[in-house]
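The values are calculated or read from the model by the stated rules, or taken from the named source; none is laboratory data. Everything quoted here is computed from the prediction, not taken from an experiment. Please note: Cβ atoms are built from the backbone with ideal geometry, for glycine as well, and neighbour counts cover all protein chains shown. The area values use the complete protein model at the heavy-atom level, side chains included, leaving out ligands, DNA and RNA. Shrake-Rupley method; radii C 1.70, N 1.55, O 1.52, S 1.80 Å.
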Amino acid sequence: MSEESGAGRSERRGPAQPLPAAEAPFDAIGLARTLLRNVRSGALATIDAVDGTPFASLVTIATDVDGTPLMLLSRLSAHTRNLIADPRCSLLFSQGGKGDPLAHPRLTVTGRAAQTGETRARERFLARHPKAKLYADFPDFGFFALAPQAGHLNGGFAKAATLTAAELLLDLSGAEAVAAGERGAVEHMNADHADALALYAAAVGEGEGTWRLSGLDPEGMDLMAGERTARITYPEPVRDMASLRKSLVAMAAAAREKAG
């Protein structure tokens with residue numbers, strides 16, 4: 001083989017490039033959205049306000065109804081000062097697990113973070129992190145929402161994809177009633193249907209525990225049992241509360257039949 005042909009082959013090979021999510025040979029959008037909903041803490045990368053050095057720190061995470069990442073940050077923290085000076089940032093969602101950490105799925109979301117006074121952001125974050133109620137109202141703390149611009153998913157060996165903001169987030173058009181009725185539905189399910197929540201968790205392979213609902217949206221539900229989380233997707237997306245009730249009843253019946 002000539003040096004020219006060998007060089008040409010090397011040039012043609014080049015570095016591997018992740019595929020757009022729509023072209024990936026696996027459900028990249030579904031996996032990315034599951035990571036967004038399931039992971040409760042991650043690495044926040046900001047830009048140092050003094051010299052522009054990348055600065056990474058650990059933060060707790062929740063999501064809004066559409067999947068927008070939410071954080072509760074203190075103005076005394078370096079990452080918050082950095083965001084106030086330059087809102088560009090990224091969040092790493094890593095599922096983790098036994099064995100090689102690089103064998104497990106992880107998602108990086110890039111975008112801009114800004115403080116939000118939305119009541120729903122507060123409710124959803126504290127439902128996901130109940131212990132944060134102890135300091136959420138301290139004057140130096142505030143809730144921040146990261147508006148995604150893009151996502152980079154590594155689903156494990158030979159599984160990589162890029163995602164747009166529209167692929168990461170849910171379109172809530174026509175499903176406003178679900179967002180408006182979410183908190184009441186969550187409270188009702190936790191108070192009166194703990195048995196159904198346990199069935200939903202068991203149906204996706206989760207173990208026993210005192211499962212509670214922390215949030216729901218047009219695509220699925222977020223469950224918690226202690227520090228464990230579970231993402232439950234409906235058979236079909238729902239756009240109103242009547243469809244949500246029918247879906248939950250049908251899912252509970254199917255889970256009982258499976259368990260029986």
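What nm distance separates the two modelled labels at GLN149 and ASP51, each placed 7 Å from Cα along Cα→Cβ?
2.4
Efficiency by 1/(1 + (r/R0)^6): what FRET value for GLU187 and ALA166, r their Cβ-Cβ distance, R0 = 35 Å, to the nearest 0.05?
0.70
Between LEU168, LEU76, LEU213, find the one with the highest GNM mean-square fluctuation for the chain; connect C-alpha pairs within less than 10 Å.
Result: LEU76 has the largest fluctuation of those listed.
Which lysines, on any chain, are close to LYS258 with Cα under 21 Å apart, when same-chain ones fewer than 8 places away are left out?
Once the sequence-local lysines are set aside, what remains near LYS258 is LYS246.
Report, in degrees rounded to the nearest 10, the 0 to 90 angle that the Cα long axis of helix 194-203 makes with the longest principal axis of the chain.
30
Taking only Cα atoms, what is the 0 to 90° angle, nearest 10, from helix 3-13's long axis to the longest principal axis of the chain?
20
Helix 176-192 versus the longest principal axis of the chain: what is the Cα-based angle in degrees, 0 to 90, to the nearest 10?
60
Pull out the extension gain between LEU102 and LYS131, defined as 0.36 nm times the separation in residues minus the alpha carbon to alpha carbon distance; nm, one decimal.
Length difference between fully extended and current span is 7.4 nm.
Whole-Hz ³J(HN,Hα) for each residue in region 147-157, computed from phi via Karplus 6.51 cos²θ - 1.76 cosθ + 1.60 with θ = phi - 60°, x for glycine and proline: what do you get?
Each residue of region 147-157 in turn: 7, x, 10, 6, x, 10, 9, 10, x, x, 4 Hz.
Leaving out ligands and nucleic acids, note down the accessible area per residue over region 142-227 with a 1.4 angstrom probe, in whole Å².
43
What are the extents of the Cα atoms of the chain along their three principal axes, in Å, largest first?
Extents along the principal axes, in whole Å: 73, 49, 38.
Give me log10 I(q)/I(0) at q = 0.16, 0.19, 0.31 Å⁻¹ for region 214-260, Debye formula, one equal scatterer per alpha-carbon, no solvent.
Taking Cα atoms of region 214-260 as identical point scatterers yields -0.48, -0.65, -1.12.
For ALA150, list long-range residues whose amide hydrogen, built 1.01 Å from N in the peptide plane, is under 5 Å from its own amide hydrogen.
Here the answer is THR110, since their amide H atoms fall under 5 Å of that of ALA150.
From the P(r) of region 139-260, can you give the percent of Cα pairs sitting at distances over 26 Å?
Working: 2373 of 7381 pairs.
Percent of Cα pairs beyond 26 Å in region 139-260: 32.
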